Amino acid sequence: MDNVIYLDNAATSRVYPEVLESYKQITLEYFANPNSVHALGQKSSRLLENTRQQILKTLKLKHHEVIFTSGATEANNLAIKGYCLANKNRGNHIITNAGEHPSVLNTVMEMEQFGFEVTVLPLNEKGTIEVSSLREAITKNTILVSIMAVNNETGAINPINEIGQWLKKHPKIVFHVDMVQAIGKVNIPLENVDLFSIAGHKIHGLLGSGLLIKKKNILIKAQNHGGGQENNYRSGTNTLALSASLAKALRIIISEQENNYKNITLLRDRLINYLKENPDKYKINSHFKENPYIVNFSTLHHKASVVVEALSNRNIMVSSLSACHSKKEAFSEVVYQMSHSLPLAKNTIRVSFSHENTLEDVEALITNLDVLIKRIKR
Ligand SMILES: Cc1ncc(COP(=O)(O)O)c(C=O)c1O
């Protein structure tokens, strides 16, 4: 499918060719188990430790450590369950928000079974939390705040730095951030973040690779028990080639971040201008100029799922909420919280860019959207 226009990069992204090449080379050359004491095992072990250091260097972090996981879902689970279960004696209250990915929201809810109380903060009309509502929600029992940096549906950016600075006044509270849609795309200062999660496949690394990065002094309880790998936090033989490929993808995307940002801003602006020129057909749900990677809008008179399917038949891949929900009445909780409108929340379309996209891709999307919106029955 060479002539496909792929505009669903927030769902997953195509691997960088050089990352795939490294993966292959490392698989062939560093096949020995990093825990084996023989020379080949030690060679793998050295590469693994260098990879950890490289990641910290790329992210300019001095007081953190790296735990390799299978993806962000596992990293979010390990951060939340691991922290809560290791620190139950300090308090039993968790704060998160309605915009989180299910790997955070459902994990936080799971903690209720262990005696935790959960506050889910609402979203404002821009799709972010209000810092004042976070302040009000804090109790003497709060031990964890988990707030995503960038929302995966709308691209909205939460005020991570402000929250981190403010939480410094509450040493008992640990701050976890889902960085999946932010890393290598928008600048989020990480010094005041205690734990954060990354997925390889969202940054042109490989599926099956992820990271939980945590401050060294934060205590978490392992969720995988076994041979004690990953500093006892996550047992299982490290998939070295995946770990090294993730480090490489991270290095590339961060080194190209500024350039990509400029180019993708042009694509986003073109699409936004088209949507703005047609206020009778679309309502834009993405409000953050600072994040050009995701454009979310609702169709006003058409079923978004039908439009998305018709675009797909024309080799243009975008995402609609209903495509990934089995229930017919599915709607976007995020857009509903922002708009308080069920029709808008049921008919969202998400376009998400990468460095591979061009202005021609956006022109093709616009041309086809325009034709389809006229042709498809209201
Ligand atoms: C914001 C966010 N967090 C977590 C995840 C889960 O990542 P993974 O697919 O690596 O488990 C996703 C994936 O869609 C995401 O967008």
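Within region 102-178, which helices (runs of 4 or more DSSP H) (wholly inside it) include 3 or more residues that are more than 22 Å from His340 (Cα to Cα) and free of Cβ contacts under 8 Å to residues at least 40 places away in the same chain?
It comes to 102-110, 160-167.
Looking at Val131, Val108, Val145, which one is on the phi < 0 side of the Ramachandran plot and within 14 Å of the ligand (Cβ to nearest atom)?
Val108
What are the residue pairs meeting all of these: first residue in region 53-79, first residue on the phi > 0 side of the Ramachandran plot, second residue within 13 Å of the ligand (Cβ to nearest atom), Cβ atoms under 8 Å, and 6 or more apart or on different chains?
Gly71/Ala199; Gly71/Gly200; Gly71/His201; Gly71/Leu207; Gly71/Gly208; Gly71/Ser209; Gly71/Gly210
What number of residues within region 273-292 are touching a Lys or Arg at 6+ places or on another chain (Cβ under 9 Å) and part of a helix (DSSP H, G or I)?
So the count comes out to 1.
Could you please find all residues in region 109-149 being among the hydroxyl-bearing types (Ser, Thr, Tyr) and either buried (at least 22 other Cβ atoms within 10 Å of the Cβ) or in the same structural domain as Ser286 (by TED's automatic domain parsing) (or both)?
Correct list: Thr128, Thr142, Ser146.
Listed here are the residues, each with its yes/no results for (1) buried (at least 24 other Cβ atoms within 10 Å of the Cβ); (2) among the basic types (Lys, Arg); (3) within 16 Å of the ligand (Cβ to nearest atom).
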site: Lys168; (1), (2), (3): no, yes, no
site: Ile173; (1), (2), (3): no, no, no
site: Phe196; (1), (2), (3): yes, no, yes
site: His201; (1), (2), (3): no, no, yes
site: Gly205; (1), (2), (3): yes, no, yes
site: Gly208; (1), (2), (3): no, no, yes
site: His225; (1), (2), (3): no, no, no
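Starting from residues that are within 16 Å of the ligand (Cβ to nearest atom) and among the hydrophobic types (A, V, I, L, M, F, W, C), keep the ones in region 73-105 and report whichever is surrounded by the fewest Cβ atoms within 10 Å (Cβ to Cβ).
The qualifying residue surrounded by the fewest Cβ atoms within 10 Å (Cβ to Cβ) is Ala98.
Which of the numbered conditions does Ile163 fail, given that it passes all the others? Conditions: (1) under 19 Å from the mean Cα position of the chain (by Cα); (2) β-branched (Val, Ile, Thr); (3) closer than 28 Å to Thr348 by Cα.
Just one mismatch for Ile163, condition (3).
Taking region 175-194, which residues are within 14 Å of the ligand (Cβ to nearest atom) and either within 25 Å of Ala86 (Cα to Cα) or out of contact with any strand residue (DSSP E or B) (no Cβ under 6 Å at 6 or more places or on another chain) (or both)?
His176, Val177, Asp178, Met179, Val180, Gly184, Lys185, Val186, Ile188
Could you pull out the residue among Ile264, Ile213, Ile254 that is at negative phi and in contact with a Lys or Arg (Cβ under 9 Å, 6 or more places away or on another chain)?
Ile264
Among the residues of region 1-35, which ones are assigned to a loop (DSSP other than H, G, I, E, B), away from the ligand (no atom under 16 Å from the Cβ) and exposed (fewer than 14 other Cβ atoms within 10 Å of the Cβ)?
Selection gives Met1, Asp2, Asn3, Val4, Phe31.
Can you tell me which residue in region 56-72 is surrounded by the fewest Cβ atoms within 10 Å (Cβ to Cβ), limited to those that are in a helix (DSSP H, G or I) and touching a Ser or Thr at 6+ places or on another chain (Cβ under 9 Å)?
By that ranking, first place goes to Thr58.
Quick one: would you say Leu271 is farther than 30 Å from Ile188 by Cα, of a type outside the set (D, E, K, R) and surrounded by 18 or more Cβ atoms within 10 Å (Cβ to Cβ)?
Spelling it out, it is not the case that Leu271 is farther than 30 Å from Ile188 by Cα, of a type outside the set (D, E, K, R) and surrounded by 18 or more Cβ atoms within 10 Å (Cβ to Cβ).
The values are calculated or read from the model by the stated rules, or taken from the named source; none is laboratory data. Here the structure is a predicted model, which is why all the values come from computation and not from measurement. Counting neighbours? That spans all protein chains shown, and the Cβs are built from the backbone with ideal geometry, glycine included.
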